[in-house]
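Report on one structure; see the data block that follows.
Each value in this text was obtained by applying a stated rule to the coordinates, not by laboratory testing. All values derive from a computational prediction rather than experimental measurement. Cβ placement follows ideal geometry from the backbone for every residue including glycine, while neighbour counts extend to all protein chains displayed.
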Amino acid sequence: MGTKICPSEQGTLQVTRSSGACSPILKLEGIKKSYGQLDVLKNVDLSVNEGEVVVMIGPSGSGKSTLLRCINLLTVPDAGSIVFRGKDYGPNQIKDWRSRRAFERSLVQLRCDVGMVFQHFNLFPHMTAGENVMLGLTRAHGVHAREARRIAQEQLDQVGVGDKFSAYPRNLSGGQQQRVAIARAIAPKPHLMLFDEATSALDPELVAGVLAEMRRLAATGMTMIVVTHEMRFAFEVADRVVFMADGAVVEQGPPAHFKNPQHERTRAFLSAIGVA
C-alpha cells in the first residue's frame, strides 16, 4: 500500500483474509444516538477484525449510515464506547474542558486512520481531481506539495482515472467523481475504510466500475465497513454481513448464513428486495 503517512504503525495487508485469525481493529459497545424523541441507534454492539470486510444491509432509516458516521465521530453518539486500534474515542472520555480539548486533538489521528467515501462525492468544484486528492495530504498531514502530487497521481492511476488529474469535477462523470473520492480517501493509507452508499447516487451503468474498485481494495486486505443496497456485492465480497433494522443489529454472519436467516425481520427484508 506504500509509505504510511499517518504517525502510526501500518498493519500487514494480506490478500487472503481470515477474520477468525485477526485481531479486532474496531469495537463498538452500547452505541446510542437520538434526535429528539427519535432513537436512531439503540445500544449497538459491533466488532470488526483487521483485514475484514463487513457489509451492512437493512432498510432505509435503520441507522446504518448514522452508525458509520459515529465511527469517525462525524456524528458523536450520545453514549457508548468506540475503541479503535486500542484507543477509546467514545463520548465517555469527555469529562471536562481539558479532556474535551484532548479528545478533539485525538480526532486528528482517528480521521487520519479512518477514510470515508460518501454517497455524494463531496469534491471541491473549484479544484481539479488531483488537487482534491492532494488537499488533505498537504493540509492535514503535512506532506510536501511535490510528494503529495506524486501520491495523488499514483492513487488516481490505481482507481483508473489517472488521466483526469487536471480535470475539474464538472467535467467528470459521476463514476469518475466517485473514483476520485475513493482515491482521496485512500491516499493517506488509512487502517479502516468506510463506504456509505458509495454507489447509490450513480447511474446504473456507472455502478459496476465503482464496485470493481471496492472489490480491488478488499482484495488488498483493506479493512472495510460498507453500507450498501448492492446485495450481489454484499454476498460476494463480504466476510460478514450485518443486518440492521430499527436502530439495532438484528442478525449477522457470513454471507452463506443469509441463505437461511434466523430472524423473521431479516427474512422479510430479503424477501422484499427479491433475495429470499
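Structure data summary
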quantity: Enumeration of residues in the range 155-183 that are surrounded by fewer than 19 Cβ atoms within 10 Å (Cβ to Cβ) and in contact with a Phe, Trp or Tyr (Cβ under 8 Å, 6 or more places away or on another chain); calculated: G174
quantity: Cross-chain or 6+ apart pairs with Cβ under 7 Å, the range 240-260 first and small (G, A, S), then assigned to a strand (DSSP E or B); calculated: G247/D39; G247/V40; G247/L41; G247/K42; A248/K42; A248/V44; G253/R240; G253/V241
quantity: Conditions (1) under 22 Å from I25 (Cα atoms); (2) buried (at least 19 other Cβ atoms within 10 Å of the Cβ); (3) out of contact with any Phe, Trp or Tyr (no Cβ under 6 Å at 6 or more places or on another chain): number failed by L74; calculated: (2)
quantity: Hits in the range 45-84 - residues which are of a type in the set (D, E) and not in a strand (DSSP E or B); calculated: E50, E52, D78
quantity: Scan of the range 118-145 for residues that are in a helix (DSSP H, G or I), of a type in the set (A, V, I, L, M, F, W, C) and surrounded by fewer than 19 Cβ atoms within 10 Å (Cβ to Cβ), ordered by number; calculated: L135, A145
quantity: Residues being surrounded by 15 or more Cβ atoms within 10 Å (Cβ to Cβ) and either hydrophobic (A, V, I, L, M, F, W, C) or touching a strand residue (DSSP E or B) at 6+ places or on another chain (Cβ under 6 Å) (or both) - total across the range 229-260; calculated: 21
quantity: Flag for G90 being at positive phi and either without any contact (Cβ under 8 Å) to a residue 24 or more places away in the chain or in contact with an Asp or Glu (Cβ under 9 Å, 6 or more places away or on another chain) (or both); calculated: no
quantity: Unique residue being assigned to a helix (DSSP H, G or I), under 10 Å from V117 (Cα atoms) and either small (G, A, S) or within 22 Å of the chain's Cα centre (by Cα) (or both) when the list is A198, A183, A148, A152; calculated: A183
quantity: Test: residue in the range 89-110 that is under 14 Å from the mean Cα position of the chain (by Cα), closer than 30 Å to T220 by Cβ and not aromatic (F, W, Y); calculated: yes
